1. Could you tell me whether the stretch 111-126 includes any residue that is of a type in the set (Val, Ile, Thr) and either modelled with pLDDT of 90 or more or touching a Lys or Arg at 6+ places or on another chain (Cβ under 8 Å) (or both)?
2. Just checking, how many residues over the stretch 198-217 are loosely packed, with under 14 Cβ neighbours inside 10 Å and either within 28 Å of Tyr32 (Cα to Cα) or in contact (Cβ under 8 Å) with a residue 60 or more places away in the chain (or both)?
3. Could you check, for the stretch 155-170, whether at least one of its residues is within 15 Å of Arg248 (Cα to Cα) and assigned to a helix (DSSP H, G or I)?
4. Can Ser253 be described as buried (at least 18 other Cβ atoms within 10 Å of the Cβ), in contact (Cβ under 8 Å) with a residue 24 or more places away in the chain and polar (S, T, N, Q)?
5. Just checking, does the stretch 117-137 include any residue being among the hydroxyl-bearing types (Ser, Thr, Tyr) and within 29 Å of Val206 (Cβ to Cβ)?
6. With (1) crowded, with 20+ Cβ neighbours inside 10 Å; (2) within 12 Å of Ile136 (Cβ to Cβ); (3) among the aliphatic types (A, V, I, L, M) as the list, and Ala220 as the residue in question, which single condition is left unmet?
7. For the stretch 142-163, what are the residues that are surrounded by 16 or more Cβ atoms within 10 Å (Cβ to Cβ), among the small types (Gly, Ala, Ser) and within 14 Å of Gly81 (Cβ to Cβ)?
Amino acid sequence: MSLADIWFVLVGLLLAGYAVLDGFDLGAGVLYPFIARGEDEKRVVRASIGPVWDGNEVWLVTGGGALFAAFPAVYAMAFSGFYLAIMLMLFGLILRAVSLEFRHRDESWKGLWDFFFFIGSAAPALLLGVAAGNVIRGVPLDEVGDYTGSFLELLNPFALMVGLSGLAMFMSHGAAWIAVKAEGALEARARAWHSVLQAVYVVLVVATSIYGISAVTRHADNVLERPVGWLAIVVFLAAVGYGRWQMRRPEGSLKAFVGSALSILALAAIAAIGNYPDIVPARGTPDSTSLTVEGAASGDTTLTVMLIITIIGLPLVLAYTAYLYRVFRGKVKVAPGDY
């Protein structure tokens, strides 16, 4: 395995980690106006993600930084070709952060802040999936790897299906998190929402995969022709089944959440396996314009230095993350002044 391959895996893990960690609070935000009834329950939902949401977003920043250093051509293509979509996503994340901070301080505008919290969660959740769908499907690229299409071309049927699948996935993940953190009627409601949303999520993933076999043939072939691809599919199905089974058990909500997280990681693995050796395949332009793992990577010196830094720094980040979730473990107990 080359240094470029190692960094392909590491960048994928960072972005998948973001999907797992920030995915549940995005999902909780989308569910917020539907699942929480009354001020007490709304406060519980907000407080369940309040201590962790900003730390979760660090994984996106880290993943973007690693992409910039390890695969600068891919970073340049994404931040030029997907510029409008990325700006909309970042605006949504900012709107969500502002609404969380102001909601419990500005009671006179609470309805508006609730709406912004919902929109600021739903927009990034949908746009992340649309971006992933285009990376899987491929985009038109010129000979230097620049995106040559338009914004509307990014809104193709396959990418939109992946976007809807991702939205349902995050909502299901968020429902599992609320079930972990809430009690009483809100927990029961979260369990019910999880069962429905998980079914919708799986149906959308299957439908998107069937459509993708004809729309993205090379990607499908790569997954089905590689043993590791079949392993990822088995892990996905097992994680979904495990999460559904655990959510039916009185004390199984945390294990169901773990199952949900594993299913997201498995889907990310399927996407990466399908694309390899490309990072961003070309579509509608010659295959030689694709951004490949080896062709888009930085030099070995850069990748080696980054790997040393990662070996030192990543365990510290993981330790801090584990400590954070340990400190804020258990059911949420809120007072009137909290979130």
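1. First, the residues of the stretch 111-126 that are of a type in the set (Val, Ile, Thr): 119.
Those still in the list that are either modelled with pLDDT of 90 or more or touching a Lys or Arg at 6+ places or on another chain (Cβ under 8 Å) (or both) too: 119.
Yes, the stretch 111-126 contains at least one residue that is of a type in the set (Val, Ile, Thr) and either modelled with pLDDT of 90 or more or touching a Lys or Arg at 6+ places or on another chain (Cβ under 8 Å) (or both).
2. 3
3. The first filter runs over the stretch 155-170 and keeps only residues within 15 Å of Arg248 (Cα to Cα), leaving none.
No; the residues of the stretch 155-170 include none that is within 15 Å of Arg248 (Cα to Cα) and assigned to a helix (DSSP H, G or I).
4. Spelling it out, Ser253 is indeed buried (at least 18 other Cβ atoms within 10 Å of the Cβ), in contact (Cβ under 8 Å) with a residue 24 or more places away in the chain and polar (S, T, N, Q).
5. Within the stretch 117-137, one or more residues are among the hydroxyl-bearing types (Ser, Thr, Tyr) and within 29 Å of Val206 (Cβ to Cβ).
6. The one condition Ala220 does not meet is (1).
7. In the first step, residues of the stretch 142-163 are kept if they are surrounded by 16 or more Cβ atoms within 10 Å (Cβ to Cβ); the result is 145, 147, 149, 153-154, 156, 158-163.
Of the ones still in play, those that are also among the small types (Gly, Ala, Ser) are 145, 149, 159, 163.
Matches in the stretch 142-163: Gly145, Gly149, Ala159.
This table checks each residue for (1) without any contact (Cβ under 8 Å) to a residue 40 or more places away in the chain; (2) among the polar types (S, T, N, Q).
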position	(1), (2)
Ala168	yes, no
Ser172	no, yes
Trp177	no, no
Glu187	no, no
Val196	yes, no
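The values are calculated or read from the model by the stated rules, or taken from the named source; none is laboratory data. Keep in mind that this is a model prediction, so the values were computed, not measured. Backbone-built Cβ (ideal geometry, glycine too); neighbour counts: all protein chains shown.
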